[in-house]
Each structure stands twice: as C-alpha cells, then as structure tokens.
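Below is one structure, written out as structure tokens; comments come after it.
Every number here is computed from the coordinates shown, using simple stated rules; none is lab data. In this text the structure is predicted, and so the values were computed from the model without any measurement. Heads up, the Cβs are rebuilt from the backbone with ideal geometry, glycines too, and the neighbour counts pull from every protein chain shown.
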Amino acid sequence: MISILFLCSDLHKMNMNSVCVSLFSKRHLEKFCNCKKFLSAKAYIFDKQFDNFPKATDFKLVEEELGPIKDGEFLTEAVYLSVDPYMRAYAPRLKTGKTFLGSQVARNTAYFGFLELCQPKKGEMVFVTGAAGAVGSLVGQIAKIKGCKVVGIAGSDEKGKWLTDELGFDHFINYKSDDLVQKIRECAPNGIDCYFDNVGGEISSKIMFNMNTFGRISVCGAISGYNENKPPKATLVQYPITMNQLRMEGFIVHRWLDRWFEGIEQNRKWIQEGKLKYRETVTHGFENMFNAFADMLKGGNIGKALVKV
Ligand SMILES: NC(=O)C1=CN([C@@H]2O[C@H](COP(=O)(O)OP(=O)(O)OC[C@H]3O[C@@H](n4cnc5c(N)ncnc54)[C@H](OP(=O)(O)O)[C@@H]3O)[C@@H](O)[C@H]2O)C=CC1
Ligand SMILES: CCCCCC(=O)/C=C/[C@H]1[C@H](O)CC(=O)[C@@H]1CCCCCCC(=O)O
C-alpha cells in the first residue's frame, strides 16, 4: 500500500504513542477517520499564505478530533514525517485554514525520473543539481552505476566532500562560492550529455549552455524559485535547446506508479550491494516540523530531511 500524506499525530487518548494518520488535507482527514469520540491528533493548520520564505507564524499547531474509521480506510503510525520542497512549491495552491500537506513515505523519484528521461549511456557526462539532497544524491549514484561521469552541484563544501569522497561523484561544484561557468567548463571540457534539474533558474541555464548535441534534460523541480513570490528570471534556454537539439522533459514521479515496486526492488538491491548509499538529516519532535521545513529550504539537510515523531 502506498501511504498518502500526513499531518497529524498523537493518538494518546487510545494509549498509543506517536501514532499518525496518513492524510493529505483536512478533507482527507475527514474522509479517513471516523472515530470522533476516541481519537485526537495534532495537525499543522496552514494559517497564512507564505510571503517569500515561510515563517513559523504562517502555521497553527492544533489538536483535532478524528472521526471513526470506516470500511476500506486505515490509520497508520508515522514514525517519520518527510520534509520536502514540494510542500513549499504547492503552497500557493492550498487554501488557508486547512491542514498543511506532507507525506510520510519516501518515493523513488531518482530511479525513474533519471533513467527514463535522461537515458544515460556508459561514458556520458551527467550533471545533477540539488546533488546532496534526497533525490540528487541518488541520481548521481545511479549515474555512476550506469558507468557515467558525474558532477554534483550543491551549496556547501561539506556536501561536496560527501558527494566525492563517499558517494563516488567525480567532481563537485559549490554554486554559492565557485565561478559556476568556469567550473562547469573545467569539469566537463567535452560538454554535458545529461542534466538532472532539481533547481531551475540561472544555475540550470548555465548548465544548459554547456550541453552536447542531442543532450537530455530531466526536469524534476525548481527549488531555486519556490520561496519567491514572483518566478525569478533566468537566461533564455531556447538558444541551446534549439542549437544543440536538446530534449527537455518534466515529470511527476506518480507517472510510474504502475512500476513502483520495480523501483523499490532495484534500489533495495543496490543498497544491499553497497552501490547506493543514503544519508538522513533527522529533526526530533512533531512540534519541530516547521524548523525542519525551513532548514531544508535553506539547504540545512544532507540527504533526506525527516522529522522523527
Ligand atoms: N518531480 C517529482 O516528482 C519530484 C520532484 N522533486 C523535486 O526535486 C528537487 C529536490 O528535492 P529533494 O531531493 O527532496 O530535496 P532536498 O533534499 O535536496 O532539499 C532541498 C535542497 O535544495 C537546495 N536548495 C535550496 N534552495 C536552493 C537554491 N536557491 N538553489 C539551488 N539549490 C537550492 C538545498 O541544498 P543546497 O545546500 O545545495 O542549496 C536544499 O537542501 C526539488 O525541486 C523537488 O521539488 C522531489 C520529489 C519528486
Ligand atoms: C515547480 C514545482 C514542482 C514540484 C515538483 C515536486 O516536488 C513534486 C513532488 C511530488 C512527489 O513526487 C510526491 C508528491 O506527492 C509530490 C506532488 C504533490 C502534489 C500536491 C498537490 C496538492 C494540491 O494541489 O492539492
């Protein structure tokens, strides 16, 4: 079963510790639960639309009663909550006054989004942005498994050290302190064949101007713009796309729902074989969810950002 989305916990009235209902919004909570007299749950209410970067005062932490569970519905225990960039990206679409969105199960975004759209070949040069995050760190390692040269771009030297020394990336570029164009040319003197784009904006434009003919770009996200009220401007990418006949395609990982277990099984096998490594940045306590969310948006996480309930 694929667990959907959260945000509540604390079913202590049933003498259960740290139990959380999977839900997506208040309407899902109403749909999922049917046990008003017995259960309550903590929830983050989305109180105010974000003005650029989110503030703690944009949320209200409340305790809500849950209804009884009906046939075909379920309660799940959330031990970890996932803290993800899409929670910021989708916020403008959400109504205030409702439970905020989130999830408690990690998905295999890297496996399908990279292999299906970039179609990497042995010896090719692959660039990954958001490289030390949950998705990017796996994409780079999968590219290495496929015999590619890999360059990761992220925002701190500590992240870079992890990518090159532990995960086997060939090079690292710090987009905050390096001369990006100069470094791109140094790391990829023969050009770039595949680009896995987690960030969008000017970083992506600069990478795309250095791609080879028939290069492939998988657009996973655009975190560089999520905290901006207006989408930021970046250099036109239509030039390199046309001149170098690039293929650029976006995706939402649900596209491969019918192949979900193939992704899980392959990742599990690579982890067991020691070919795929992961790291988690864990914040403790449901009450600290906002801090973890803000920290992730500022680049405070290495690997997957999680909240231990
Ligand atoms: N299409 C899909 O189905 C999915 C898309 N995504 C997308 O993939 C991307 C990565 O997600 P995920 O790996 O979970 O998140 P991460 O674990 O990477 O966390 C986000 C990271 O983004 C980096 N970042 C923040 N601001 C900027 C900026 N202005 N420019 C460049 N980098 C920045 C930070 O690291 P740093 O120190 O490097 O700045 C931060 O740690 C996001 O864009 C997300 O929306 C994720 C899952 C599914
Ligand atoms: C430019 C924004 C791109 C954001 C891409 C992204 O991060 C997608 C993440 C999905 C992840 O694979 C698992 C999910 O469920 C995320 C999508 C969540 C959609 C929420 C929609 C909320 C709503 O409209 O009600």
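Here are the numbers:
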item: Calculated P(r) of the chain - Cα pairs past 28 Å, %; result: 42 percent
item: Over 18 Å (Cα to Cα) - which of 122/149; 233/304; 55/298; 122/144; 42/298; 269/308 fall in this group; result: 233/304; 42/298; 269/308
item: Amide H contacts under 5 Å for residue 150, placed H, 5+ residues apart; result: 126, 170, 171
item: Förster radius 30 Å - calculated FRET efficiency between residue 60 and residue 230 (Cβ-Cβ, nearest 0.05); result: 0.65
item: Most fluctuating residue given options 217, 252, 241, as computed from a GNM of the chain linking Cα atoms under 10 Å; result: 252
item: Hits among aspartates and glutamates - C-alpha to C-alpha of residue 183 under 19 Å, sequence gap 8 or more where chains match; result: 124, 157, 158, 165, 170, 193, 197, 202
item: Kirkwood Rh, Cα atoms: Rg over Rh of the range 185-309; result: 1.03
item: Whole-number percent relative contact order across the chain, with pairs defined as alpha carbons under 8 Å at least 6 apart; result: 17 percent
item: Nonlocal amide H pairs with residue 64, under 5 Å, H built at 1.01 Å; result: 41, 42, 43
item: Whole-percent pair-distance distribution, where bins are 10 Å wide, for the alpha carbons of the range 144-189; result: 29, 54, 16
item: Backbone HN-Hα couplings from phi across the range 117-130 [Karplus 6.51/-1.76/1.60, Hz, Gly and Pro as x]; result: 8, 8, 6, x, 10, 3, x, 6, 9, 10, 10, 10, 9, x
item: Neighbour cut-off at most 10 other Cβ (10 Å), DSSP loop, trypsin sites (Lys or Arg not before Pro), the range 184-234; result: 233
item: Longest site-free stretch - the chain; sites: GluC sites (Glu not before Pro), DSSP loop, at most 11 other Cβ within 10 Å; result: 1-227
